[in-house]
1. Using only helices, what value at 222 nm comes out for the chain when you add -39,500 (n - 2.57) per DSSP H run of length 4 or more and divide by the total residues, to the nearest 500 deg cm²/dmol?
2. Based on other C-beta atoms within 10 Å, arrange 144, 82, 1 from fewest to most.
3. Note the full-extension length gain between residue 22 and residue 106 as 0.36 nm times their separation in residues minus their Cα-Cα distance, in nm to one decimal.
4. Calculate, in nm to one decimal, what residue 52 and residue 208 gain on full extension: separation in residues at 0.36 nm each, minus their alpha carbon distance.
5. Among bridges DSSP assigns within segment 149-229, what percent are antiparallel (round to 5)?
6. Out of all DSSP beta bridges with both ends in the chain, state the antiparallel percent to the nearest 5.
7. Using the 10 angstrom Cβ neighbour count as an exposure proxy, how do 240, 93 rank, fewest first?
8. In what order do 237, 135 fall by count of nearby beta-carbon atoms within 10 Å, going from fewest to most?
């Protein structure tokens with residue numbers, strides 16, 4: 001379990017990305033963060049892994065207590081895997097070498113300078129097998145498709161033996177069929193391993209398909225928190241409406257996909 005109490009983030013210049021927020025995330029729960037661009041989804045994910053230091057509030061782990069101090073934060077990051085939109089793989093490395101990067105956090109400073117133990121390589125191969133890429137373990141990732149690269153990213157995350165997986169728009173760059181396959185794979189692995197998954201998405205239909213829980217964000221605030229079955233039109237209007245009436249074209253397309261007729265959806269002023 002991870003709990004955030006009054007967690008907030010204000011960037012230099014007074015830009016508030018996340019209003020003080022209270023949330024809990026539990027093992028085995030597949031949570032989707034849903035909202036338009038700039039809603040605070042990525043900021044919340046980065047705070048949860050302390051890639052950025054929040055401006056206010058605390059983050060508490062059931063196993064580590066309050067996340068503060070270098071040693072505690074390092075242990076938290078070791079058991080918290082990240083899956084990124086742009087994969088963040090080393091293109092000239094093989095799939096196996098990229099997955100082995102997930103084991104680095106378990107090595108001491110000096111040990112990490114040496115080749116990883118055979119047991120780590122065997123485990124990394126098992127992770128590639130879980131995502132259906134065992135036969136391409138020795139192939140450079142820059143020769144793989146986007147969907148295959150994201151599956152390597154999931155295998156790398158699995159190699160950490162994580163308690164939590166944070167995924168920031170993991171299928172935004174993939175075609176719909178590949179996105180469905182990648183999300184289904186991530187969902188199944190997290191359920192099988194009892195991992196808490198926190199996944200930011202734009203796509204309402206994917207949230208309804210895979211989420212146990214949807215947290216809707218708008219302008220840095222939580223405006224919905226509940227199961228996808230009660231994610232009705234009124235909730236979607238709260239998530240996607242903006243005070244200024246300004247959204248991206250991508251957000252408009254997602255609103256149409258959610259069945260929100262635009263004249264009632266929001267007073268459009270600018271499309272960028």
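1. Rounded to the nearest 500, it is -10000 deg cm²/dmol.
2. Least to most surrounded, the residues fall as 1, 144, 82.
3. Values: separation 84, 0.36 × 84 = 30.24 nm, distance 3.09 nm.
That pair, residue 22 and residue 106, stretches by 27.1 nm at full extension.
4. Extending this stretch completely gives an extra 53.2 nm.
5. Given both bridge residues lie in segment 149-229, the antiparallel proportion sits at roughly 50 percent.
6. Here the share of antiparallel DSSP bridges comes out near 50 percent.
7. Numbers: 240 24, 93 16.
Ranking 240, 93 by Cβ neighbours within 10 Å, fewest first, gives 93, 240.
8. Least to most surrounded, the residues fall as 135, 237.
A short reminder: the numbers here are calculations on the coordinates, not readings from a lab. Bear in mind the structure is a predicted one, so any value in this text is a computation, not a measurement. Note that each Cβ is placed from the backbone with ideal geometry, even for glycine, and that neighbours are counted across all protein chains shown.
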